[in-house]
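S.K.: Sharing a structure with you now.
The values are calculated or read from the model by the stated rules, or taken from the named source; none is laboratory data. None of these values were measured; they are calculated from a predicted model. Positions of Cβ are generated from backbone atoms using ideal geometry, with glycine treated the same way; all protein chains shown enter the neighbour counts. SASA here: full protein model, heavy atoms, side chains in, ligands and nucleic acids out. Shrake-Rupley method; radii C 1.70, N 1.55, O 1.52, S 1.80 Å.
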Amino acid sequence: MDLLFYHLRLRCYVVIDLKIEDFKPEFAGKMNFYLSAVDDCLRHPEDCTSIGIILCRGRNELIVEYALRDTSKPMGVAQYRLTKALPRQLQAALPTSDEIAREFPLLSLVHLRIEIEQRLLALLRAKSPDQEKERATRPNASHLAFVLHRHRQISNQLLHAIQDVTDRLSRAVHGEEITTHAAMEALTLGQKILTELEELRNG
């Protein structure tokens, strides 16, 4: 896939596939594949269904209609237009550099949540009994940390740190107000957790 976003208000992943040619029916099949992979590997139980957007140089409405008619996943086809300058009417709709800077910690928290859960899952699969591995298909970080702690794979201190930072991450991901200072604190703590989990996995 070309671009992957997480929409904080819709609470879902948005997959964008960029094409330098006119729309073809097979593009819908590829987008369906991308959405299935994102829903299976990244989407959490509390997230909404992922959305797919195919951006093409051109499109025939009839071909688009037939290509998408029987697809069950939410996806759309749009036509892009190249321009040398951003249209004036769009300039006010886009965030300023200061607004992007304020939002960046929140976007980093979304990525951090995914990384922590992936590291915990990898550690669980490497160190824990088979029955626990079978249950850990797509659980959240707190559950994974609790299971690892129960099997004496992580310390009390690391368990509490994971629970603390994942609570902040969940609040940020689901649109609750969080200050830049609190977000940066969570990012710092999260990086320490990632390092410790990697050391435990390799140890």
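S.K.: How far apart, in nanometres, would the label points at Arg88 and Tyr66 be if each is projected 7 angstrom from Cα along the Cα-to-Cβ direction?
M.R.: 4.4
S.K.: Another question, then. FRET efficiency for Ala126 and Ala37, Cβ-Cβ distance as r, R0 = 22 Å, nearest 0.05? Don't skip to the end; give the middle numbers.
M.R.: Working: r = 23 Å, r/R0 = 1.06.
Computed FRET efficiency for Ala126 and Ala37 comes out at 0.40.
S.K.: Among DSSP beta bridges whose residues both lie in segment 1-84, state the antiparallel percentage, nearest 5.
M.R.: Expressed as a percentage, antiparallel bridges in segment 1-84 total about 30.
S.K.: Here's another thing I want to ask about it. Write down the Å³ per residue value for the convex hull defined by the alpha carbon atoms of segment 16-60. Spell out each step's value before the answer.
M.R.: Numbers: hull volume 2.9 nm³, N = 45.
It is 65 Å³ per residue.
S.K.: Across segment 64-77, in residue order, what do the Karplus-derived ³J(HN,Hα) couplings come to in whole Hz, using 6.51 cos²θ - 1.76 cosθ + 1.60 with θ = phi - 60° and x for Gly and Pro?
M.R.: So the Karplus estimates, Gly and Pro as x, are 4, 4, 5, 5, 9, 4, 9, 7, 8, 8, x, 8, x, 10 Hz.
S.K.: Sort Tyr66, Tyr6 by heavy-atom solvent-accessible area, probe 1.4 angstrom, most to least.
M.R.: On the way: Tyr66 140, Tyr6 30 Å².
From most exposed to least exposed: Tyr66, Tyr6.
S.K.: How far apart, in nm, are the 7 Å Cα→Cβ label points at Gln118 and Val14?
M.R.: Distance between label points: 2.2 nm.
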